[in-house]
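The values are calculated or read from the model by the stated rules, or taken from the named source; none is laboratory data. Remember, predicted model here, so these are calculated numbers, not experimental data. Glycine also receives a Cβ, built like all others from the backbone with ideal geometry; neighbour counts cover every protein chain displayed. Protein only, heavy atoms only, side chains kept; ligands, DNA and RNA dropped before computing areas. Shrake-Rupley method; radii C 1.70, N 1.55, O 1.52, S 1.80 Å.
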Amino acid sequence: MKEFKLDSKQKQQFEKYYEFLVQENQKFNLTSITEKNEVYIKHFYDSLKLTEALDFSKIEKLLDIGSGAGFPGVPVKIMYPNLQLYIIETTMKKTRFLAELIELLELENVEIINGRAEEVIVNYREFFPVVTARAVANLPMLLELCLPYAEAGGFFLAMKGSAYLEELERAENALKLLDSEVIGEIKYQLPDNYGDRVILKIRKNKPTKEMYPRKFAVIKKRHL
Ligand code: SAM
């Protein structure tokens with residue numbers, strides 16, 4: 001975490017986040033990772049790496065799809081308190097946890113939407129300069145779920161593991177149909193040998209056709 005400039009308030013917020021996560025995990029089963037150093041690296045540090053993909057001090061709104069216990073959206077919001085954070089998460093117990101967490105950390109301008117990304121898009125189509133997701137679906141599916149939310153000229157930042165190259169190959173057609181292109185790959189290693197990660201920086205070049213995203217069963221059966 002030393003590599004990120006955090007003031008004492010932000011450091012305290014991460015401490016509170018860790019404690020609340022472990023406490024609520026006993027009831028809600030939010031994450032399989034509970035050891036402190038591991039949470040700090042695999043969840044907090046990894047989430048904050050997103051801030052190296054773009055200049056977040058200039059970004060107004062961020063959408064995190066399938067945020068689970070808040071990753072990567074909440075750590076990024078802690079680091080950039082002025083950001084308006086939107087979260088779409090389908091599991092009710094997770095959105096309840098997130099609402100309590102946001103209150104505990106006294107974060108303002110966070111909107112939590114309980115629902116499936118492919119179903120709650122109506123008010124948010126082409127609405128975000130930046131959309132992100134970590135560990136939600138394979139890349140072809142993820143592109144169809146996430147890109148319709150980004151504005152033309154905006155970005156989708158996909159957080160992936162070391163097997164991303166194969167996913168990228170399978171995503172070629174989806175990128176074409178969704179008028180988007182990978183313009184950067186930010187590769188890094190998590191500290192303490194916790195593994196290799198990559199952030200795919202994907203730019204959306206044109207508005208997405210209204211027919212996307214299709215229903216989940218269709219996306220799953222016939223990905224683009
Ligand atoms: N992003 C978090 C992380 O990296 O720790 C959570 C990852 S978890 C494996 C996947 C999350 O995505 C779950 O919380 C699940 O409920 C949510 N999810 C899956 N499909 C979704 C969809 N179509 N719309 C919204 N949330 C979804």
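Taking Lys and Arg as +1 and Asp and Glu as -1, the other residues whose beta-carbon sits under 10 Å from that of ILE183 total 0. Please compute the contact order of the chain in relative form: average sequence separation of alpha-carbon pairs under 8 Å and at least six residues apart, divided by the residue count, as a percent. Over the chain, the number comes to 17 percent. Most tightly packed first, judged by the mean number of other beta-carbon atoms within 10 Å of their residues, the peptides 4-14, 167-177 read 167-177, 4-14.
Which order do you get for THR34, THR132 if you rank them by accessible area with a 1.4 Å probe, largest at the top? Numbers along the way, then the final one.
On the way: THR34 60, THR132 0 Å².
Largest accessible area first, the residues go THR34, THR132.
Only helices enter this figure: runs of n ≥ 4 DSSP H residues, each worth -39500 (n - 2.57), summed and divided by the residues of the chain, yield -9000 deg cm²/dmol at 222 nm to the nearest 500. Going down the list LYS42/LYS94; LYS2/LYS94; LYS9/LYS201; LYS2/LYS187; LYS49/LYS215, which pairs span over 27 Å between their C-alpha atoms? Beyond 27 Å: LYS2/LYS94; LYS9/LYS201; LYS49/LYS215.
Multiply the residue gap between LYS206 and ASN193 by 0.36 nm, knock off their C-alpha separation, and tell me the result in nm, one decimal place. Provide the component values of the computation, followed by the final result.
Working: separation 13, 0.36 × 13 = 4.68 nm, distance 3.93 nm.
The LYS206-ASN193 span can extend by a further 0.8 nm.
Entry comment: accessible area of the chain is 49 Å² per residue, from protein heavy atoms only and a probe of 1.4 Å.
Relative to the current alpha-carbon distance between LEU104 and GLU166, full extension at 0.36 nm per residue lengthens the span by 18.3 nm. Rolling a 1.4 angstrom probe over region 2-221 with all protein chains present gives an accessible area of which 47% lies on carbon and sulfur atoms. Highest mean packing comes first when the peptides 185-191, 90-96 are listed by Cβ atoms within 10 Å, giving 90-96, 185-191.
Quote to one decimal, in nm, the extra length available between ASN173 and ASN29 on full extension: 0.36 nm per residue of separation minus the C-alpha distance between them. If you can, show how the numbers build up before the last one.
Working: separation 144, 0.36 × 144 = 51.84 nm, distance 3.61 nm.
My answer for the length gained is 48.2 nm.
Here the chain is treated as a sphere whose radius is the Kirkwood value from Cα pairs; by Stokes-Einstein at 4 °C and 1.567 mPa s it diffuses with a coefficient of 73 µm²/s.
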